[in-house]
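Structure first, commentary second.
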Amino acid sequence: MIKSLELTKIFSDKKRGQVVAVNKASFEITPGEIFGLLGLNGAGKTTTLRLLAGLLKPNSGTAYICGIDVVKQPEKSKARLGFLTGTTGLYGRLKAIEMIKYFGRLYGMSESRTEQRSKELMEMLGMTEFAETRCDKLSSGTKQKVSIARTMIHDPEVIILDEPTAGLDVISSRAVIDFINAEKARSKTIVFSTHIMHEAEKLCDRIGVIHEGSIIDIGTPDELKNKTGCADMDDAFVKMVGNNNEQH
């Protein structure tokens, strides 16, 4: 469902020169799988997700969403996925329900389907009581729920989430995690980035550890812990990153 083939992205920086943000990243994600990208801040998580979503053009390599080449057919691949960025980016003057419906229209959905799907998402995310509230009046947790709803309005087969629980309280985080699990149960393909170890361990079928732009290991949480001889995912991650630094 998602296939990354040696995706590489290089940025030019005035001070540092050529910076390899993502270095030949290769992995596959199957339908119904939750795949986590685990890494430190600045490791290349967000850039990798933006490459998968066709929002950035790679210097080399490519990726496929539902068999569609994201470099050659970016618009076609985007129609098959929902992408949640790291910022909510909501229009403050629109009500929550208006924001969600607006994106339904952008995706070319019929008015009846947009109406039906908006109500479904509002109920699933526990947002019904905030439906008529302007986005600039919402709490950070509810804003994130609106962002997720607009990402999911067209019921995409592939879901890409960039740190979906960042900055949320425990209750809001739980609602987001429950939603992700519900979508997995519908055989959706889900990839998300995080630096919260326990979240990755609890949610993910497999985890790709990214460090300094490179995927240094991929496996189930148990496989990664066994490889490092650690009982705790935090310790396993620190060991993997530390070993990689020593090799360099």
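The values are calculated or read from the model by the stated rules, or taken from the named source; none is laboratory data. These figures come from a predicted structure and were not determined experimentally. A quick note on method: Cβ atoms are made from the backbone with ideal geometry, for glycine too, and the neighbour counts reach across all protein chains shown.
State whether the residues of the range 92-115 include one that is surrounded by fewer than 16 Cβ atoms within 10 Å (Cβ to Cβ) and in contact with a helix residue (DSSP H, G or I) (Cβ under 6 Å, 6 or more places away or on another chain).
Taking every residue of the range 92-115 in turn, at least one turns out to be surrounded by fewer than 16 Cβ atoms within 10 Å (Cβ to Cβ) and in contact with a helix residue (DSSP H, G or I) (Cβ under 6 Å, 6 or more places away or on another chain).
Can you tell which of Gly67, Gly42 is surrounded by fewer than 17 Cβ atoms within 10 Å (Cβ to Cβ) and over 18 Å from the mean Cα position of the chain (by Cα)? Full working, then the answer.
Values: Gly42 fails: over 18 Å from the mean Cα position of the chain (by Cα).
After ruling out the rest, the residue left standing is Gly67.
Which of the residues belonging to the range 167-214 are acidic (Asp, Glu) and under 20 Å from His154 (Cβ atoms)?
Glu183
Which one of the conditions (1) outside any helix (DSSP H, G or I); (2) assigned by TED's automatic domain parsing to the domain that holds Tyr64; (3) closer than 24 Å to Ile65 by Cβ does Met109 fail to meet, given that it meets all the rest?
Just one mismatch for Met109, condition (2).
Considering only residues that are more than 19 Å from Thr46 (Cβ to Cβ) and either in a loop (DSSP other than H, G, I, E, B) or among the polar types (S, T, N, Q) (or both), which ones fall in the range 190-217?
Looking only at the range 190-217, we keep the residues that are more than 19 Å from Thr46 (Cβ to Cβ), and these are 198, 201-202, 205-206, 217.
Hit for the range 190-217 is Asp205, nothing else.
Among (1) part of a helix (DSSP H, G or I); (2) at pLDDT 95 or above; (3) of a type outside the set (Ser, Thr, Tyr); (4) in the same structural domain as Lys202 (by TED's automatic domain parsing), which single condition is Ile100 missing?
Failed condition: (4).
Give the range 196-220 a look and list any residue that's among the charged types (D, E, K, R), surrounded by fewer than 19 Cβ atoms within 10 Å (Cβ to Cβ) and more than 27 Å from Lys9 (Cβ to Cβ), or say none.
Across the range 196-220, the qualifying residue is only Lys202.
For every residue, the table says whether it meets (1) in a helix (DSSP H, G or I); (2) crowded, with 18+ Cβ neighbours inside 10 Å; (3) modelled with pLDDT under 90.
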{"position": "Ile159", "(1), (2), (3)": "no, yes, no"}
{"position": "Ser173", "(1), (2), (3)": "yes, yes, yes"}
{"position": "Asp222", "(1), (2), (3)": "yes, no, no"}
{"position": "Gly242", "(1), (2), (3)": "yes, no, yes"}
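From the list Gly108, Gly104, Gly126, exactly one residue is touching a residue at least 40 places away in the same chain (Cβ under 8 Å) and at positive phi. Which is it?
On the way: Gly108 fails: touching a residue at least 40 places away in the same chain (Cβ under 8 Å); Gly104 fails: at positive phi.
Checking each option against the conditions leaves just Gly126.
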